[in-house]
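Everything on this sheet refers to the single structure shown next.
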Amino acid sequence: MTLRKVARTGMSILKRAIGTQQAGLVFVIVLLGVLLALTAGSHLDPRTGQSVHNFYNLHTLLQTATDASFFAIMAVGATVVIISGGIDLSVGSIYALAGVTTAMVLRSVAPDSAVTVVLLATTVSLGIGLICGVLNGVMVTGLGVHPFIITLGTMWVVRGIAFVSSHAESILVPSSLTAVAKASFGMASSVYPVPLLVMLAVMAIGSVYLTRTVMGRHVFAVGGNPEASRFSGLRLNRITIGVFAISGLTAGLAALLGAAFYGSASCADATGYELYVIAAAVVGGASLSGGRGSAVSATLGALLIVLIRQSIRTMRFDQNYEWIIIGCAIILAVVLDQASSRAALRRLSADAVRR
Amino acid sequence: MREGSAGTLVPANADMPDVAVAFRGITKRFPGVLALEDVSFEIAAGSMHALCGENGAGKSTLGKILAGVHTADAGEVRLFGQPFAATRPEHALAAGVGMVHQELAFCENLSVAENLCLRALPATGPFLSRAAMYREAESLLAAIDARLDVRRRVGELTIGQQQMLQIAAAVGHGARVIVFDEPTSSLSQHEAEKLYELMARLRERGVTGIYVSHRMEEIFRLCDTVTVLRDGRHVATEPIAALDTGRIVELMIGRKLEQYFPTDHGATTGEERLRVEGLSSPAGFRDISFSVRAGEVVGMAGLVGAGRSETAAAIFGLDGRATGRIVVDGRPVVIRSPRQAMRLGIGLVPEDRKRQGLVLSMSSLANTTMAILPSLARLTFVRSAEERAIGRRFFERLRVRAHSLDATAAGLSGGNQQKLVLAKWLAARCQVLILDEPTRGVDVGAKAQIHALIAELAAEGVAVLLISSELPELLHLATRVIVLRDGRIVGEVPRVEATQDGLMRLMAGVA
């Protein structure tokens, strides 16, 4: 490839990227990154004696990604629910229940081989997540109650079940499971890329699901206009149950990863995560009235929230202001997003009139 | 006064105080349609003035401009000689114009008294004074001799009672002109009688009424002057004494028939595709029976509220309370959901394309393939190339004008949006197609294309049930026309015998 060719491909990728839904988010993340690069400063590594940038070093970057990964995974599930016009407040509790159940099952069964441990853990946490999600969906469709209410209820019920069944203990998981979650793939010994990789995989699968599959398209249709979807022969109930199942499943997966990575699970895990998860989805441009959202954006939204938190720490702002700053940033992000989509709609209707 | 071709009624003395409302050159454009074009006429103070026209003639729009619901794009309204341009209903009411309409705007969760006094709730400091509120509401209701418990929730009232409430609110706030927009369309006979009495009392008190309706008996009973609109233009304003039902109908439909060519789409009608026997539903129709053969376009005429759309919805599996027999391709079937209807080869292009036909936030392509997406997928993955090929095929066939397949449906014009809904059902290869007002709010060009398409579909052997409020459209396309009135079939007219005049009489129930 000649240099010119490279430049041209680069430009076309850039152009396409600017046109997409994620452009604004990417821009803000890059801006924050530049800000961090300029202001974070550096310190001397006590072992090697080399100067290390306070933010741009492998450990801090991976730590930021790891912090984001647990709720970024759930944010993909939450985005699917939000696109369908619903909301799921119970994901944090499902995370806790899936985590403690997995830990308890592993403790009582105590399998010998590492493979069995991993398989059993995966089955139990995904299974619990799926069951909780399906129950949410069945109650929303069967009882005809708004998903906000149903999942507000199950948020407490599920957390309560986790509390009672675990006797509020923190339960350790076998080290073979931790070994998998902390695999470093031959890189430096304290580098753990697994949560990051799982997050990227979930983002990719979620994105393909939403944009390339029949079910994904149906989720957009139901969220955009349930009435027209019914008139087109879509099975609304089945679609609704499906989105809550997906949300539960992502909570189960995040719980598996969390329990494995931190080596234990307790009923107090992921308290308040549901709000981080919803925040990530809406910062990523998902519309709470349904019909709009993307898996990639939700992941970027989660990254942005963590990045803001990380910036406050790295740049040595007073950490007491963390919540205030994050809260303002969420409102600002959504306001900017709405303004830009309103402008796009105006442009569209102007086009239609001219035609 | 005489009939002018484009509303060129010359007012004798425009600013005389005995003129309550004067419209001058009113023009109103909605996206894709010209609702009103250069409409000028006057309404005498203290009169009850009927505003007639077919569905879509612009009569409601004119009423809403006066009441501040819509704003005219051009022209001037004068109220008792003063220039008047209300941009909001409350401004209109402050100037003395109230409106009674079908889409009732109340807080259904609040009481009668709360709704009547909502604008300025009587209060002592920050506290609501209930006694004063009830007194005020009662005096408002007493002013129109309406007896209602002011403590009841508005949601519990009948539509007739809610209209009383609207009138009480309007009169109570000093309305001197009241627009009645088809007030009796959802009332029982008894409730309608009460409304007539009330209107007579209002007239005695010098209130000027504008009565939007196409029900002849009501017009002759209540009104003293009649203005007829057609296709957004003023056709005539004449005293009722100079008119009879026949003449009004003639003025309403006076469009030249030659502009439509009654096509013989040359299809030999084939097997019976759909037969409906004794279909009834509390949704608003009783004992509906008819059949549609392959290659046939059966028209369905009726006024708004006659039960046409409700019948269509029941056939498409959207009315769980409907009873009766439906036979598709000779087999009796039970249709409980649109999905089952689709499996039997039935498609429905609904009346309200924005609410029922399209997902406006999705792309044009996604809307087109919405009903057939599973058939375009392999292992749930949508085969993008095939989906786009189908999209292109139907965009071409229907001449959809969008800048690309991925253009958001919300950005398309009304005509193109309607084409998307049609494309959705064409893609599903329906053998029975129910079209509910397929050309409403669609510009002339797109209308002609849709008409051509309907004829083409029939020629291909599709059985079409065409519901339309535009009689020329029915006469143009339908092989025979079924007429509904008040939820029942009142006539079935073969194409050769059908005239606009005859159909209109059947629809309105005049001899």
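Residue A:270 meets each of the listed conditions (1) of a type outside the set (D, E, K, R); (2) surrounded by fewer than 24 Cβ atoms within 10 Å (Cβ to Cβ); (3) at positive phi apart from (2).
When B:276, B:297 are checked against the criterion of being at pLDDT 90 or above, open to solvent by less than 10 Å² (accessible area, probe 1.4 Å), over 23 Å from the mean Cα position of the chain (by Cα) and of a type outside the set (Ser, Thr, Tyr), B:276 stands alone in meeting it. In the set B:434, B:489, only one residue is part of a strand (DSSP E or B), on the phi < 0 side of the Ramachandran plot, open to solvent by 40 Å² or more (accessible area, probe 1.4 Å) and at pLDDT 85 or above; that residue is B:489.
Listed here are the residues, each with its yes/no results for (1) over 25 Å from residue B:298 (Cα atoms); (2) touching a residue at least 12 places away in the same chain (Cβ under 8 Å); (3) among the aliphatic types (A, V, I, L, M).
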| residue | (1), (2), (3) |
| --- | --- |
| B:383 | yes, no, no |
| B:387 | yes, yes, no |
| B:391 | yes, yes, no |
| B:400 | yes, yes, yes |
| B:411 | yes, no, no |
| B:417 | no, yes, no |
| B:422 | no, yes, yes |
| B:441 | no, yes, no |
| B:445 | no, yes, no |
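State yes or no: is residue A:255 modelled with pLDDT under 95, within 23 Å of residue A:132 (Cβ to Cβ), more than 14 Å from chain B (Cβ to nearest Cβ) and open to solvent by less than 10 Å² (accessible area, probe 1.4 Å)? Here the answer is no, as residue A:255 does not meet what is asked.
Quick check, is residue B:474 surrounded by fewer than 24 Cβ atoms within 10 Å (Cβ to Cβ), hydrophobic (A, V, I, L, M, F, W, C), assigned by TED's automatic domain parsing to the domain that holds residue B:304 and outside any strand (DSSP E or B)? Criteria not met by residue B:474. Of the residues making up region B:363-385, just one is at positive phi and either in a strand (DSSP E or B) or within 8 Å of chain A (Cβ to nearest Cβ) (or both), namely B:380.
Can you tell me how many residues in region A:135-153 are of a type outside the set (Gly, Ala, Ser) and open to solvent by 50 Å² or more (accessible area, probe 1.4 Å)? Result for region A:135-153: 9. None of B:198, B:187 is in a loop (DSSP other than H, G, I, E, B), surrounded by 16 or more Cβ atoms within 10 Å (Cβ to Cβ) and assigned by TED's automatic domain parsing to the domain that holds residue B:67 except B:187. Checked against (1) on the phi > 0 side of the Ramachandran plot; (2) over 30 Å from the mean Cα position of the chain (by Cα); (3) not aliphatic (A, V, I, L, M), residue B:127 passes all but condition (1). For region B:457-471, a residue qualifies if it is outside any helix (DSSP H, G or I) and within 17 Å of residue B:347 (Cα to Cα), and the qualifying residues are B:460, B:461, B:462, B:463, B:464, B:465, B:466, B:467, B:468. Checked against (1) outside any helix (DSSP H, G or I); (2) within 14 Å of another protein chain (Cβ to nearest Cβ); (3) in contact (Cβ under 8 Å) with a residue 60 or more places away in the chain; (4) among the aliphatic types (A, V, I, L, M), residue A:234 passes all but a single condition, namely (3). Note on region B:311-327: residues that are under 14 Å from residue B:465 (Cβ atoms) and either surrounded by 22 or more Cβ atoms within 10 Å (Cβ to Cβ) or within 14 Å of chain A (Cβ to nearest Cβ) (or both) amount to 6. Exactly one residue among B:336, B:401, B:355, B:429 is facing another protein chain (nearest Cβ under 7 Å) and not in a helix (DSSP H, G or I), and that residue is B:401.
Of the residues making up region B:65-107, those that are without any contact (Cβ under 8 Å) to a residue 40 or more places away in the chain, out of contact with any helix residue (DSSP H, G or I) (no Cβ under 8 Å at 6 or more places or on another chain) and open to solvent by less than 60 Å² (accessible area, probe 1.4 Å) are B:65, B:95. Scan region A:192-201 and tell me whether some residue there is open to solvent by less than 40 Å² (accessible area, probe 1.4 Å), assigned to a helix (DSSP H, G or I) and of a type in the set (Gly, Ala, Ser). There is no residue in region A:192-201 that is open to solvent by less than 40 Å² (accessible area, probe 1.4 Å), assigned to a helix (DSSP H, G or I) and of a type in the set (Gly, Ala, Ser). Only residues that are more than 24 Å from the chain's Cα centre (by Cα) and not in a loop (DSSP other than H, G, I, E, B) were counted across region B:306-333, and they come to 9. Contact map, region B:167-183: residues that are closer than 19 Å to residue B:121 by Cβ paired with residues that are open to solvent by 10 Å² or more (accessible area, probe 1.4 Å) and not in a helix (DSSP H, G or I), Cβ distance under 8 Å, separation 6+ or inter-chain. Pairs shown: B:168/B:146; B:170/B:99.
One residue stands out in region B:492-501 among those that are surrounded by fewer than 18 Cβ atoms within 10 Å (Cβ to Cβ) and assigned to a strand (DSSP E or B): the one that is modelled with the lowest pLDDT, namely B:494.
Select from region A:191-221 the residues that are more than 11 Å from chain B (Cβ to nearest Cβ) and more than 14 Å from residue A:79 (Cα to Cα) and list them in ascending order. Once the filter is applied, which keeps residues that are more than 11 Å from chain B (Cβ to nearest Cβ) and more than 14 Å from residue A:79 (Cα to Cα), region A:191-221 yields A:191, A:192, A:193, A:194, A:195, A:196, A:197, A:198, A:199, A:200, A:201.
The values are calculated or read from the model by the stated rules, or taken from the named source; none is laboratory data. Owing to the predicted nature of the structure, the values given are computational and were not obtained by experimental measurement. Here Cβ is always computed from backbone atoms with ideal geometry, including for glycine, and neighbour counts include all displayed protein chains. In case anyone asks, the SASA skips ligands and DNA or RNA and just uses the protein heavy atoms, side chains included. Shrake-Rupley method; radii C 1.70, N 1.55, O 1.52, S 1.80 Å.
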